1. With the checklist (1) crowded, with 16+ Cβ neighbours inside 10 Å; (2) within 30 Å of residue 49 (Cβ to Cβ) in hand, flag the one item residue 388 doesn't pass.
2. For residue 23, all conditions in the list (1) within 26 Å of residue 189 (Cβ to Cβ); (2) modelled with pLDDT of 90 or more hold save one; what is the number of the exception?
3. So, in region 242-276, of the ones that are more than 8 Å from the ligand (Cβ to nearest atom) and charged (D, E, K, R), which residue ends up surrounded by the most Cβ atoms within 10 Å (Cβ to Cβ)?
4. Answer yes or no as to whether residue 214 is away from the ligand (no atom under 12 Å from the Cβ), among the polar types (S, T, N, Q) and assigned to a helix (DSSP H, G or I).
5. Can you name every residue in region 397-425 that is within 13 Å of the ligand (Cβ to nearest atom) and surrounded by fewer than 21 Cβ atoms within 10 Å (Cβ to Cβ)?
6. Can you tell me which of (1) surrounded by fewer than 23 Cβ atoms within 10 Å (Cβ to Cβ); (2) of a type in the set (Val, Ile, Thr); (3) more than 16 Å from the ligand (Cβ to nearest atom) is the one residue 320 doesn't meet?
7. Please find, among 374, 369, 382, the residue that is of a type in the set (Phe, Trp, Tyr) and within 30 Å of residue 438 (Cα to Cα).
8. Please list, ordered by first then second residue, the pairs with beta carbon atoms under 7 Å, 6 or more apart or interchain, first in region 65-86 and over 17 Å from residue 185 (Cβ atoms), second of a type in the set (Ser, Thr, Tyr) and within 14 Å of the ligand (Cβ to nearest atom).
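The values are calculated or read from the model by the stated rules, or taken from the named source; none is laboratory data. Predicted model only: the values in this text are computed from it and were never measured. Every residue, glycine among them, receives a Cβ derived from its backbone with ideal geometry; neighbour counts consider all protein chains shown.
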Amino acid sequence: MSTNDLAVSLPKGPRGKWGSTLKLIKNPRQAFEGWIAQYGDPFLVNALNGPVIVTGRPDLIKLVFGGDPDHFSPFATQTIGPILGFGSMLMLEGAEHKRERRLMMPMFHGDRMKAYATTMQQIALEQIKACQSADSFLTLDLMTNVSMEVIVKAIFGGRDRERGIHMFKAGREVVKRASPLLFFSKRTHFSFFGFSPWDRYSKAKADLSAAINSELDDRQSTGNPGEDILSLLASATYEDGSSITRQHIQDELQTFLFAGHETSALAMTWAMYHLHTHPETLARLRQDLQAVPDDDVEQLAQVPYLKAVVQETLRMNPIITEVLRLLKRPLTLGDYHVPAGYAVAPAAVIAHYNKDTYPEPERFRPERFLERSFSPFEYMPFGGGSRRCIGAAFASFEMAVILGTILKRFQFQLLETEPVVPVRRNVTLGPSTGVRMKCLGNAA
Ligand code: HEM
């Protein structure tokens, strides 16, 4: 008997669309843990975007990430497509998605990625200057500026500073205007005399598109293509010899800006918070960093304890709490037979707190990543399978370079008096404050 012939059986879960959606927007981990306690893992949520079966179980996550990619589509394309553009990698599927990833994968890996190391370090050192002279600063502001500049430089190069700043502002505005509700229901995509969240987002998006277009025009007219991601995209051809349209380039670049800067900034902010609430961990990290010469950025990024700090931060604070796949065909998920049209969601925010996998999961303990390795179904801050984050290596490298650089050279004091907890931003989860700190000067 094939999966198609099995009688549908679904896990239990909370009733009501609005209530459940608002709960998981507000505090996904609390909502998920409450539903697991009540209904078990997996459970079914009738979210505004459609029914979703959520799980944190490695055996079930394996069925999703290890399954045939052609059995799954991206989730909520009708809601997210108008936001990011239908040419965004996040929206593509099947052969088109595969060929897009093949084309872009090298742009974020290997030597091309390492070529950004010195630039990343310079950006961090430049951005931290303002913090050195300030009474205090918000770590999230610092990290947002750093990661935005890193991604803008990677995408647009550093040829024209004015243009770079313009792109930076346009990109930042797009991210700022992406209210969480826009991602959860298409009904929020309405116009109201230029004042609705959708109007504001659309305006920011149009400004960014215009900036990208004018950059492409400029490059074409000067015959100076540059060596950044924009140039690689503009000159790249698929295996059948066809090239990418401008609209498609815009959608992809906006996706990179979107997916590739706020995520890293939030993760680096969490790392600074955890390190400064765990002095013994910070001391060990500093000791290991001191053994590396200042100018050897690549070696710095390879320090095992630094990499473990990055991993442990993303375990405790997955920036994307769960990833979604829409079933094109029925799927047997443990004891359940789920029909096409339902979505399944491997949830890092549950898997990363599994006591069997991670003893004392509430404890920030980077050592766990030096003691053993975890399977891609136990540790998944970058999602998994055929849609795993294309920027995962780039982001991990960037985090190591930037954290390593500033922690090797400077000392900080955490000024937060209350615990900082995760809160929803848009599709991401971030710290409840910007994490206020003071720079105490050079490290001894
Ligand atoms: C700490 C930083 C980051 C985190 C936590 C993160 C996380 C994620 C997650 C969870 C997904 C969904 C994967 C899935 O569905 O299985 C994703 C997809 C994606 N990310 Fe990232 N990401 C980060 C940085 C970046 C960077 C730096 C870039 C690019 C420069 C990037 C570009 C993308 C793209 C294009 C996708 C879509 C992949 C696809 O659908 O095939 N991300 N990311």
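1. (1)
2. With (1) within 26 Å of residue 189 (Cβ to Cβ); (2) modelled with pLDDT of 90 or more applied to residue 23, the lone miss is (2).
3. My answer is 262.
4. Details: away from the ligand (no atom under 12 Å from the Cβ): yes; among the polar types (S, T, N, Q): yes; assigned to a helix (DSSP H, G or I): yes.
Here the answer is yes, as residue 214 does meet what is asked.
5. Answer for region 397-425, where residues must be within 13 Å of the ligand (Cβ to nearest atom) and surrounded by fewer than 21 Cβ atoms within 10 Å (Cβ to Cβ): just 425.
6. Every condition holds for residue 320 apart from (3).
7. Numbers: 374 fails: within 30 Å of residue 438 (Cα to Cα); 382 fails: within 30 Å of residue 438 (Cα to Cα).
The match here is 369.
8. If the second residue must be of a type in the set (Ser, Thr, Tyr) and within 14 Å of the ligand (Cβ to nearest atom), the pairs left are 69/386.
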